[in-house]
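Notes to accompany the following structure.
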Amino acid sequence: MSKLRKILLVFAHPDDESFATGGTIVKYSSIANTEIHLLCATRGEAGQTGHPSICTKEDLPYVREKELQKAANILGIDHIRLLAHRDGTLDKIPTEILAQEIKEYIDDFHPQIVITFPPHGISGHPDHIAIQKATMAAVKEASIVPYLYYITIPESWVGKRTSPPYSDPDESIHAVIECAEYKDQVAEALRAHRTQNKSVDRAFPGVNQGKNDSVRTANHYILAWPERTLHKPLDAL
């Protein structure tokens, strides 16, 4: 039996996994002896309740947790760990506190690869930026040294489809995961986040109407840690 591959996704909100890395998750979850975990810092209680609303603001964190579990099942995530932080406050939490929680999970799970947002957070959301800082700090202090990848959008893709506010130069990209064949599953996972249907409409036009044309055909990554290595394991998996 080949060695068990372990991938840890570290994000801020329910739906980040589907918006950012859905195709990658489906691809690697279909590979034998691969285990994928998601560490999500909040329950997304600062998000929308749907358009039209499908729950109260008080019930939103519980509804979003169920939406996340449904999306995870569609994508093939093996395990979800939700932290107890409040949505919209991650940038107010000392980085070392959030980093310690992430480090403890890394030390327990022993992933070979960790994936999170880049320093600009793609959307510029303060929670995304905070989770990136904490994840980098955690990886550097972990008892093992996993490879840390940032999911991003290459500059050459900007303007070709609905684009987020921030991207990275094409020459900074270290790994491209082709995932066009998984667009249907990614679209289904996006639709699972029903309370966030307005955000899905904005980022992936047509998905809520049953189309997948706007779902990205590839996910692009920057190898952030270790800083110097010839080996790029996300390519090799």
Cross-link partners among aspartates and glutamates for Lys133, C-alpha distance below 15 Å, same-chain residues fewer than 8 apart left out? Asp91, Glu96, Glu101, Glu141
Carbon plus sulfur, as percent of the 1.4 Å-probe accessible area of region 85-237, comes to 49 percent
So in the chain, what percent of DSSP beta bridges are antiparallel if you round to the nearest 5? 30 percent
What whole-number value in Å² describes the accessible area per residue of the chain for a 1.4 Å probe? 46 Å²
Counting each DSSP H run of 4 or more residues in the chain as -39500 (n - 2.57), what helix-only mean residue ellipticity at 222 nm follows after dividing by all residues, to the nearest 500 deg cm²/dmol? -10500 deg cm²/dmol
Dipole of the chain (Lys/Arg Cβ +1, Asp/Glu Cβ -1, origin at the Cα centre): which of Ser30, His110, Leu83 lies farthest to the positive side? Ser30
Farthest towards the positive end of the dipole of region 55-152, among Pro94, Ala72, Ser123 and with Cβ unit charges of +1 on Lys and Arg and -1 on Asp and Glu, lies the Cα of Ser123
With the cut-off at 1.5 for a/c, could you classify region 1-151 from its C-alpha gyration tensor as rounded, prolate or oblate? oblate
Just give me a number: lysine pairs in region 1-73, eight or more positions apart or cross-chain, with C-alpha atoms less than 29 Å apart. 9
In the full protein assembly as shown, how much of Tyr166 is accessible to a 1.4 Å probe, in Å² to the nearest 10? 110 Å²
Full-stretch length increase - Ser30, Asp184 - with 0.36 nm per residue and alpha-carbon distance subtracted: 54.0 nm
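The values are calculated or read from the model by the stated rules, or taken from the named source; none is laboratory data. Predicted model only: the values in this text are computed from it and were never measured. Please note: Cβ atoms are built from the backbone with ideal geometry, for glycine as well, and neighbour counts cover all protein chains shown. For the accessible areas, the whole protein counts, side chains as well, though only heavy atoms, and no ligand, DNA or RNA atoms are used. Shrake-Rupley method; radii C 1.70, N 1.55, O 1.52, S 1.80 Å.
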